[in-house]
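Here the structure comes first, spelled out in structure tokens, and everything after it is commentary.
No lab work stands behind these numbers, since they all come straight from the coordinates. It should be emphasised that the depicted structure is a prediction, and the values quoted were computed from it without experimental measurement. Heads up, the Cβs are rebuilt from the backbone with ideal geometry, glycines too, and the neighbour counts pull from every protein chain shown.
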Amino acid sequence: MTELDVYQVDAFSDRPFAGNPAAVVPLTEWLPDDVLQSIASENNLSETAFFVEAEGDEDFHLRWFTPKFEVDLCGHATLASGSVLFEQLNWPREKIVFQSKSGPLTVSRDGDRFALNFPSQPARDVAMPDGLPEAIGVKPLRYLRASMNMAILESESAVLAVDPDLPFIAGIEGVGLIVTAPGDRSDCASRFFAPHAGINEDPVTGSAHCTIVPYWAEALGKTDIYARQVSERGGDLYCRLEGERVSIAGDTALFLTGRIRV
């Protein structure tokens, strides 16, 4: 029997019970993939992050698992991992470099917040799937795809009103569905549905903003984008388009520390 530390952090929120909860499990060495997946399934959060120390230019190797499978990129669990290292494990430097399936990713201090540096993933217009307007209850103004699908709606109220046909979204080409529009109190508002990954609606999705931010930076003619994900829990993301990278900053709130036995 092995005991492991586990932390649960609400990312993109300055208080518990908001933002997106992620579990973070530091490791001294990798466990078998089926054990990592079982831990993530047992946690039953949208993501569980695992990291181990690395050699060379990166400080840690980082992996993320949904309750169903491993993913290539996750923002909120990376922010949570950085928060655990800085706030709980006393990381001494101002920046952490994670090696991941999406290449090197950094988390750095940004005042009282932490900032991710992720690859920009701009979307292009593609044909709208037949039945999509009926599946979300509104006809999008535009429909685009990078790896994630993105539907542009007219207003934040339209984003809030979406009541999606989740089996339909699980079956469309690409990864899930972002719905986004100009925000009432932010530059843009969004929601993200990922039923294919066992996540009907993700509370706050850092990786989606690799696609959301390039779109709104071009549409609004500016590089600093204050984004709000208007899920039931909600979350705030303070973003900047930096060429082929996107800076995504947010608050974190530690909710739980404990030990798990595997």
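Please compute the modelled spin-label separation between Glu70 and Arg259, points set 7 Å along Cα→Cβ, answer in nm with one decimal.
Going from the Arg259 label point to the Glu70 one covers 2.8 nm.
Just flag the GluC sites (Glu not before Pro) in the stretch 134-182 sitting in loop per DSSP whose Cβ has no more than 13 other Cβ atoms within 10 Å.
Glu154, Glu173
Give a quick list of GluC sites (Glu not before Pro) in the stretch 31-74 that DSSP marks as loop, anything other than H, G, I, E or B, with at most 15 other Cβ atoms within 10 Å.
Qualifying residues, ordered by number: Glu55.
Test of understanding: extend the Cα→C-beta vector of Glu134 to 7 Å, then name every residue of the stretch 157-196 with backbone N under 12 Å from that spot.
none
In what sequence, highest mean first, do 82-95, 186-199 appear when ranked by Cβ atoms within 10 angstrom?
186-199, 82-95
Tell me which chymotrypsin sites (Phe, Trp or Tyr not before Pro) from the stretch 1-77 have a DSSP coil assignment and no more than 15 other beta carbons within 10 Å of their own.
Passing both the DSSP loop test and the Cβ count: Phe17, Trp30, Phe69.
Debye sum, Cα scatterers, the stretch 124-243, no solvent: what log₁₀ I/I(0) at q = 0.21 1/Å?
Calculated log10 I(q)/I(0) at the listed q: -1.21.
How large is the charge dipole for the chain, taken about the Cα centre, if only the Cβ atoms of Lys, Arg (+1) and Asp, Glu (-1) carry charge, to the nearest 20 debye?
Dipole of the chain, to the nearest 20 debye: 320 debye.
Find out how many positive minus negative residues lie around Pro195, taking Lys and Arg as positive, Asp and Glu as negative, among other residues whose Cβ is under 11 Å from that of Pro195.
It works out to a net charge of -2.
Taking amide H positions as placed in the peptide plane 1.01 Å from N, state which residues far from Ile225 in sequence (5 or more) or on other chains have amide H under 5 Å from it.
The list, which skips near neighbours in sequence, is Cys239, Arg240, Leu241.
What's the extension gain from Glu87 to Arg109 if we count 0.36 nm per residue and subtract their Cα-Cα distance?
Between Glu87 and Arg109, full extension yields an extra 6.8 nm.
Less than 15 Å Cβ to Cβ from Ala219, Lys/Arg counted +1 and Asp/Glu -1: what total charge do the surrounding residues give?
Counting the neighbours of Ala219, the net charge comes to -3.
So what does the Cα-only Debye profile of the chain read at q = 0.13 Å⁻¹, as log10 I(q)/I(0), no solvent term?
Those come out to -0.78, one per q.
Under 13 Å Cα-Cα from Lys68, which aspartates and glutamates qualify once same-chain neighbours fewer than 8 residues away are excluded?
Asp33, Asp34, Glu42, Glu47
Work out, step by step, the length gained on full extension between Glu55 and Met1: first 0.36 nm times the residue separation, then minus their alpha carbon distance; give nm to one decimal.
The Glu55-Met1 span can extend by a further 16.6 nm.
Determine, for Val159, Val246, Val175, the number of other Cβ atoms within 10 Å of each Cβ, and report the residues in order from fewest to most.
Ordered from fewest to most neighbouring Cβ atoms within 10 Å, Val159, Val246, Val175 come out as Val175, Val159, Val246.
Modelled label-to-label distance, Arg142 and Asp184, 7 Å Cα→beta-carbon offset: nm?
Between Arg142 and Asp184, the simple spin-label model gives 2.5 nm.
Can you give me the long-range amide H partners of Gly234? Hydrogens built in the peptide plane at 1.01 Å from N, cutoff under 5 Å, separation of 5 or more residues or another chain.
Gly19
Can you check what the net charge comes to around Ala80, using other residues whose Cβ is under 10 Å from the Cβ of Ala80 (Lys, Arg +1; Asp, Glu -1)?
Spelling it out: positives minus negatives among the neighbours equals -2.
Given a cut-off of under 8 Å on Cα pairs at least six residues apart, what relative contact order in percent is computed for the stretch 124-243?
19 percent
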